[in-house]
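*Asks:* Have a look at this one.
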Amino acid sequence: MRARRELAICLWTLDRPDEAREHFEDLLRLDSSDGLGCRYLLFLMLREAQAHAAIEKLLASFPDDHSTEWMYDKALWLIQRKARGDDVSNALDAAIAANAFLPAYLLGRKALPNDTPDTLVERH
């Protein structure tokens, strides 16, 4: 499973998103609890492709995920989609509830620390 996840990341990095997406989706089928966090990478990939129906399905598959990444990704996607104000407001409230410290960094009100953790995928 981990090797297949890494293969999907490599395919995505090599600009072969359709192949990568198939692997991520199959990994989620094989492990519906998503112990490897494939949903986060798949979400980013789907957002790049503007695959809105697939994003809605993915979000619906993990309604109990209240992680910072999931909540902020969802809020950003709703903003990009120009969703209803109430939907965006609720999503932002949920994101801030997940991590109230992040907005200060995003808005430049607080400097990022000198030592930052490595990211899962580096995209340029």
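*Asks:* Around Ser67, under 15 Å between beta carbons, what's the net of Lys plus Arg minus Asp minus Glu among the other residues?
*Replies:* Net of charged neighbours comes to -3.
*Asks:* A follow-up question, please. So which lysines pass the test for Lys110, namely a Cα distance under 20 Å, with those fewer than 8 places away in the same chain ruled out?
*Replies:* Cα-Cα hits under 20 Å: none found.
*Asks:* With the crude spin-label approximation of a point 7 Å out along Cα→Cβ, what separation in nm comes out for Ala97 versus Cys10?
*Replies:* Distance between the two pseudo-spin positions: 4.2 nm.
*Asks:* Still on this structure, please answer the following. Would you mind classifying region 32-124 by shape? Square roots of the alpha carbon gyration tensor eigenvalues, ordered a ≥ b ≥ c; an a/c under 1.5 is rounded, otherwise it is prolate if a/b is larger than b/c and oblate if not.
*Replies:* The shape class here is oblate.
*Asks:* Per 0.36 nm of contour for each residue apart, how much would the distance between Ser61 and Ile79 grow if the chain were fully extended, relative to their Cα-Cα spacing?
*Replies:* Contour length minus the Cα-Cα distance gives 4.4 nm.
*Asks:* Okay, moving on. Taking the Cα of Lys110, stepping 7 Å toward and past its beta carbon, and measuring to each backbone N in region 60-95: which are under 19 Å?
*Replies:* Backbone N within reach: 67-73, 92-95.
*Asks:* Can you list the lysines whose alpha carbon is less than 23 Å from that of Lys82, not counting same-chain residues fewer than 8 positions off?
*Replies:* Within the straight-line cut-off, Lys82 pairs with Lys57, Lys74.
*Asks:* Does anything in region 76-94 have its amide N under 13 Å from the 7 Å Cα→Cβ label point of His52, and if so which residues?
*Replies:* Under 13 Å, as judged by backbone N against the label point of His52, lie 77-84 of region 76-94.
Taken together, the values in this text are just the output of simple stated rules run on the coordinates, not laboratory data. Values in this document were obtained by computation on a predicted structure and should not be read as measured data. No Cβ is skipped: glycine too gets one built from the backbone with ideal geometry, and neighbour counts run over all protein chains shown.
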